[in-house]
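Every number here is computed from the coordinates shown, using simple stated rules; none is lab data. Everything quoted here is computed from the prediction, not taken from an experiment. When we count neighbours, we look across all protein chains shown, and the Cβ atoms used for this are built from the backbone with ideal geometry, even at glycine.
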Amino acid sequence: MGHYTLVVMSNPVEGRDAEYNDWYSRQHLRDVLRVPGFVSAERFKMVGTPISEPVWQYCALYQLEHDRPQEAMEELVHRAGTDAMPMSDAMDPAWCAVLYESIGGISRADISDSGATR
């Protein structure tokens, strides 16, 4: 089974931050997790000064485990804007979504602290 991360970058419509965040955290994350294959979701808010443009204030990471990720993505798109996944007009329509396949990783526990520098 493949492991994937869907990265979604977005902004609220100006002046509607509270409404956007309430919808995203209380409803949208749960709606996405009801799509078969999606196993977890986490949101992030930008801190500090951005390094490049365009700037999205918010990022959501969805973990997907599926043998055919395009099926899960097609189902996600099919549900968006329906009763199964209502979308909020408090979200700016200029958002970005990209699906990434895991190709490996490492954690701090995987490296030794031998004191050597490179």
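What number does segment 2-103 give for Rg over Rh if you use C-alpha atoms and the Kirkwood radius?
On the way: Rg = 13.7 Å, Rh = 14.2 Å.
Using only Cα positions, Rg/Rh for segment 2-103 is 0.96.
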- When a/c is below 1.5 the answer is rounded, else prolate if a/b is larger than b/c, else oblate, so apply that to segment 13-54 with a ≥ b ≥ c taken from the square roots of the Cα gyration tensor eigenvalues. oblate
- Cα-based shape type of segment 45-118, given that a ≥ b ≥ c are square roots of the gyration tensor eigenvalues and the cut on a/c is 1.5: oblate
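Rounded to the nearest 0.05, what FRET efficiency is calculated for residue 52 and residue 17 with R0 set to 22 Å and r the Cβ-Cβ distance? Kindly include the intermediate steps, with their values, before the conclusion.
Working: r = 23 Å, r/R0 = 1.03.
My answer for the efficiency is 0.45.
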- Longest principal axis of the chain (C-alpha) makes with the long axis of helix 69-79 (C-alpha) an angle, in degrees to the nearest 10, of 30 degrees
- Task: Take the chain, connect every pair of alpha-carbon atoms lying under 10 Å apart with a spring to form a Gaussian network, then pick out the residue of 28, 78, 66 with the largest mean-square fluctuation.
- Result: 78
